[in-house]
Amino acid sequence: GITRDVSASGVFFETDTNYAPGSEISFAIELQGPAGKLMFKCLGQIVRVEDRGGKVGVAAKIIESRLEAVNGGS
């Protein structure tokens, strides 16, 4: 999916996959920090699903999260 909005308590993204409100979801968001790439790994609960003109908009509340450095190799 494509992340459209992120806050400290949740995320909204668009996807091709339909989800049921109340279900759990595991997701990760890649971030670029001053020291390199970071992976924000989350466990969430779907709170809203909406039709977005051919895509599915999904709002999820973050239940657990952790930030990890991504080991890049060149």
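Remark: the chain carries 68 Å² of accessible area per residue (probe radius 1.4 Å; ligands, DNA and RNA excluded).
Protein heavy-atom surface of the chain, 1.4 angstrom probe: 48% of the accessible area is carbon and sulfur, with nucleic acids and ligands not counted. Using all pairs of distinct alpha-carbon atoms, the Kirkwood hydrodynamic radius of the stretch 31-74 works out to 12.8 angstrom.
Taking N as the number of residues in the chain, what value does Rg over Cα atoms divided by 2.2 N^0.38 Å take?
Values: Rg = 13.4 Å, N = 74, 2.2 N^0.38 = 11.3 Å.
Expressed relative to 2.2 N^0.38 Å, the Cα Rg reads 1.19.
The values are calculated or read from the model by the stated rules, or taken from the named source; none is laboratory data. The structure displayed is predicted, hence computed values, not measured ones. All accessible areas refer to the heavy atoms of the entire protein, side chains included, with ligands and DNA or RNA removed. Shrake-Rupley method; radii C 1.70, N 1.55, O 1.52, S 1.80 Å.
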